[in-house]
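Right, one structure below, let's go through it.
The values are calculated or read from the model by the stated rules, or taken from the named source; none is laboratory data. The structure presented is a predicted model; accordingly, all values stated were derived computationally and were not measured. For neighbour counting, all protein chains shown are included, and Cβ atoms are generated from backbone atoms with ideal geometry for every residue, glycine included. These accessible areas exclude ligands, DNA and RNA; they are computed on the full protein's heavy atoms, side chains included. Shrake-Rupley method; radii C 1.70, N 1.55, O 1.52, S 1.80 Å.
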Amino acid sequence: MGETIPIAVPRKGRPLESVLDRLASRLGVPALADEITSTLRHEKALTKGSLDPDEENVYHRLAEYSTVDDPTAPEYTLVRDTRAGKPRRIVFDSVTIPLDGADGIARDSASDEASIQLVGREEPFRALRTHEFALGFDSADLVLEEVVDLRPDPLGRIADINARIDPAESDVRVVTGLGDTVYHTLMGSPETVPAATALDREYLADYEGPLCIEPRYERLVRAVLGTSVLEDIEFHYPNEGREEEAAIADTGLGVYLTVTGSTAREHGLLLGEQLFPSETVLLESTPEVSDEVAAVRSLLNGGDLETELAVEQ
């Protein structure tokens, strides 16, 4: 019987879409990826109020989307959204994808197909830490927020994360990034940053004063800037309900996750050094990696498989 390899994935948002894009290209399932992406975008728009809901309530839509008697069709579930009123939101739950015919996966015609099962988790990284899964996808940010060592020198690349993980702290390692890069960027007001001054880590090394960040990113900022830079810096946090970039403009200097910087410029902020890529990454729980898991990991990583995926008879 063919083995099914479970893989933890985000339930919604940009990280899940990046995972689906990778699977669409590597496993040849663009229609499935498009179906899940379009469904969740539609539900997000309904939750945010960008679309008027139709006559069907959320439970009817959930039943319409999910195909419980066919594991190769996507299933969805409900979670409480964090927006005002905490509405129920439809998010991804699971789907099984046969690997027969994928690049590098050889098959015995007498065997059942091997497959992977995508399983939605709120925080896939933590599911790997507790050895529930051998493989998963999550934001690199969460790895920095939880397990990388804080050192005097900065951490600036996805490729350097594993060297900062204490083996006694976690068995999870980063395999590769998916390229959906959004940068944590240094920003400052013209009043704080003198004209013609480079707004970068060197500037921060000589800076004494407040630095505005989101509280949840404090450990991440310490990791990407390095602790030596922060000796004379005091973290300030946006007041509740205050837009982050507006709070940075009030403070004079800050770090914020930005795509284009357009909103920052609306607040008169200068964009400085891109400090660290907030990127979706493929993760592995090293002790759980069998030969079969390693073959799937290689496929998802984009590399050529050196051995066939083992399939039980």
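The figures follow:
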| quantity | calculated |
| --- | --- |
| Selection within segment 247-291 - among the small types (Gly, Ala, Ser), outside any strand (DSSP E or B) and not assigned by the TED database to the domain that holds Arg222 | Ser290 |
| Top-ranked residue of segment 30-53 - restricted to ones that are surrounded by fewer than 15 Cβ atoms within 10 Å (Cβ to Cβ) and under 13 Å from Asp81 (Cα atoms), ranked as modelled with the lowest pLDDT | Gly49 |
| Residue satisfying all of: in segment 143-202; in contact with a Gly (Cβ under 9 Å, 6 or more places away or on another chain), assigned to a loop (DSSP other than H, G, I, E, B) and among the charged types (D, E, K, R); least open to solvent (accessible area, probe 1.4 Å) among these | Asp200 |
| Given (1) of a type in the set (A, V, I, L, M, F, W, C); (2) assigned by the TED database to the domain that holds Glu244; (3) within 20 Å of the chain's Cα centre (by Cα); (4) surrounded by fewer than 19 Cβ atoms within 10 Å (Cβ to Cβ), index of the condition Leu220 fails | (4) |
| Close pairs (6 angstrom Cβ cut-off, 6 or more residues apart or separate chains): modelled with pLDDT of 90 or more in segment 230-245, in a loop (DSSP other than H, G, I, E, B) and of a type in the set (A, V, I, L, M) anywhere | Phe235/Ile213 |
| Every residue from segment 120-142 that is open to solvent by less than 20 Å² (accessible area, probe 1.4 Å), over 19 Å from Val255 (Cα atoms) and not small (Gly, Ala, Ser) | Pro124, Phe125, Leu128, Phe133, Leu135, Phe137, Asp138 |
| Subset tally (residues that are outside any helix (DSSP H, G or I), in contact with a Gly (Cβ under 9 Å, 6 or more places away or on another chain) and either under 23 Å from Glu292 (Cα atoms) or open to solvent by less than 60 Å² (accessible area, probe 1.4 Å) (or both)) for segment 7-29 | 6 |
| So Ala127, is it farther than 28 Å from Gly209 by Cβ, of a type in the set (Gly, Ala, Ser) and within 15 Å of the chain's Cα centre (by Cα) | yes |
| Test: residue in segment 251-270 that is open to solvent by less than 70 Å² (accessible area, probe 1.4 Å), among the charged types (D, E, K, R) and at pLDDT below 95 | no |
